[in-house]
Amino acid sequence: MNKKIIMLIVAVVIIAIAGVSIYMFTGSSDTNTNNNQNNNNAVEDDTNDNTNVTSDDANILVLYFSMSGNTEAVANIIHDEVGGDIIRLETVQTYPEDYDELVDYAQEEQQDNARPELSTTIENIDQYDTIFLGYPNWWGDMPMPIYTFLDNYDLSGKTIAPFITHGGSGLSGTPSNIQEEEPDATVPEGLAIYGDDAKNSQSDVREWLNSIGY
């Protein structure tokens, strides 16, 4: 066979072998790269799936006593802003629905320094670090069911943020009364909302919350 033909055949074979080798190498690299990317994506997905989402407001309770609905309206606004749990404080004894009768009844309870029995029970009070405590101003003081609550639960170490609805008397020193009942709690400046403004008190509530760090 002609020597030139033999050399040509050898050259073709060498080129063919080199081409196959290059293809196999690059193909393997691409496959490994894709596999690594897929593995990385799987790790990221697992990380996202296993991330625990915790709520910073799990230690907040909005607790309120309301008869006319004004304090309840403010309580709901506060709850919308800070989250947490919200509970309406209720008594075993039903209060009069007639306003004049209610006023007289509240005055009698206050004069007797009564502690009306509560039908509301808070089983997990220890989990709360902050309690927003709401009530109407009755005869320049808190309704007596609020005193029952403060007597029934040890709120030492907690923050008790009072908010009140009133007809012109404001807070009437009630935050100081809370502090006397719970000397080892922290009682920041309270919020007083005029009763007729309760349902539209969002701006006042936000300003107050900002002022006490919420």
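Would you say Ile122 is surrounded by 15 or more Cβ atoms within 10 Å (Cβ to Cβ), out of contact with any helix residue (DSSP H, G or I) (no Cβ under 8 Å at 6 or more places or on another chain) and either in a strand (DSSP E or B) or not assigned by TED's automatic domain parsing to the domain that holds Gly173 (or both)?
Working: surrounded by 15 or more Cβ atoms within 10 Å (Cβ to Cβ): yes; out of contact with any helix residue (DSSP H, G or I) (no Cβ under 8 Å at 6 or more places or on another chain): yes; either in a strand (DSSP E or B) or not assigned by TED's automatic domain parsing to the domain that holds Gly173 (or both): no.
Considered against the rule, which asks whether it is surrounded by 15 or more Cβ atoms within 10 Å (Cβ to Cβ), out of contact with any helix residue (DSSP H, G or I) (no Cβ under 8 Å at 6 or more places or on another chain) and either in a strand (DSSP E or B) or not assigned by TED's automatic domain parsing to the domain that holds Gly173 (or both), Ile122 comes out as no.
Between Leu150, Leu133, which is surrounded by 15 or more Cβ atoms within 10 Å (Cβ to Cβ), modelled with pLDDT of 95 or more, assigned to a strand (DSSP E or B) and not small (Gly, Ala, Ser)? Steps first, answer last, please.
Numbers: Leu150 fails: assigned to a strand (DSSP E or B).
Of Leu150, Leu133, the one residue that is surrounded by 15 or more Cβ atoms within 10 Å (Cβ to Cβ), modelled with pLDDT of 95 or more, assigned to a strand (DSSP E or B) and not small (Gly, Ala, Ser) is Leu133.
Only one of these is over 26 Å from Leu118 (Cα atoms) and either small (Gly, Ala, Ser) or not assigned by TED's automatic domain parsing to the domain that holds Pro116 (or both): Gly213, Gly195, Gly190. Name it. Write out each step before concluding.
Numbers: Gly195 fails: over 26 Å from Leu118 (Cα atoms); Gly190 fails: over 26 Å from Leu118 (Cα atoms).
None of the others qualify; the one that does is Gly213.
Of (1) more than 30 Å from Val205 (Cα to Cα); (2) exposed (fewer than 10 other Cβ atoms within 10 Å of the Cβ); (3) at pLDDT below 50, Val13 satisfies all except one. Which?
Of everything listed in (1) more than 30 Å from Val205 (Cα to Cα); (2) exposed (fewer than 10 other Cβ atoms within 10 Å of the Cβ); (3) at pLDDT below 50, Val13 misses just condition (2).
Against the condition in contact (Cβ under 8 Å) with a residue 60 or more places away in the chain, β-branched (Val, Ile, Thr) and either assigned to a strand (DSSP E or B) or within 26 Å of Ser201 (Cα to Cα) (or both), how does Val103 come out, does it pass? Reasoning before the result, please.
Working: in contact (Cβ under 8 Å) with a residue 60 or more places away in the chain: no; β-branched (Val, Ile, Thr): yes; either assigned to a strand (DSSP E or B) or within 26 Å of Ser201 (Cα to Cα) (or both): yes.
When the stated conditions are applied, Val103 does not pass them.
Might you check whether a residue that is within 20 Å of the chain's Cα centre (by Cα) and either within 23 Å of Ala106 (Cβ to Cβ) or free of Cβ contacts under 8 Å to residues at least 24 places away in the same chain (or both) occurs anywhere in the range 188-200? Spell out the reasoning first.
Just the residues of the range 188-200 that are within 20 Å of the chain's Cα centre (by Cα), to begin with: 188, 190-191.
Those left that are additionally either within 23 Å of Ala106 (Cβ to Cβ) or free of Cβ contacts under 8 Å to residues at least 24 places away in the same chain (or both): 190-191.
Yes, the range 188-200 contains a residue that is within 20 Å of the chain's Cα centre (by Cα) and either within 23 Å of Ala106 (Cβ to Cβ) or free of Cβ contacts under 8 Å to residues at least 24 places away in the same chain (or both).
Taking the residues in the range 193-214 that are assigned to a helix (DSSP H, G or I) and either modelled with pLDDT under 95 or among the hydroxyl-bearing types (Ser, Thr, Tyr) (or both) as candidates, determine which candidate is nearest to Thr130 (Cα to Cα). Please lay out each step first, then the result.
Just the residues of the range 193-214 that are assigned to a helix (DSSP H, G or I), to begin with: 195-200, 202-211.
Then keep just the ones that are either modelled with pLDDT under 95 or among the hydroxyl-bearing types (Ser, Thr, Tyr) (or both); that gives 203, 211.
Details: Ser203: 21, Ser211: 15 Å.
Among residues in the range 193-214 that are assigned to a helix (DSSP H, G or I) and either modelled with pLDDT under 95 or among the hydroxyl-bearing types (Ser, Thr, Tyr) (or both), the one nearest to Thr130 (Cα to Cα) is Ser211.
The values are calculated or read from the model by the stated rules, or taken from the named source; none is laboratory data. This structure is a prediction, so every number in the text was calculated from the model and none was measured. Cβ sites come from the backbone with ideal geometry, for glycine too, and all protein chains shown count toward neighbours.
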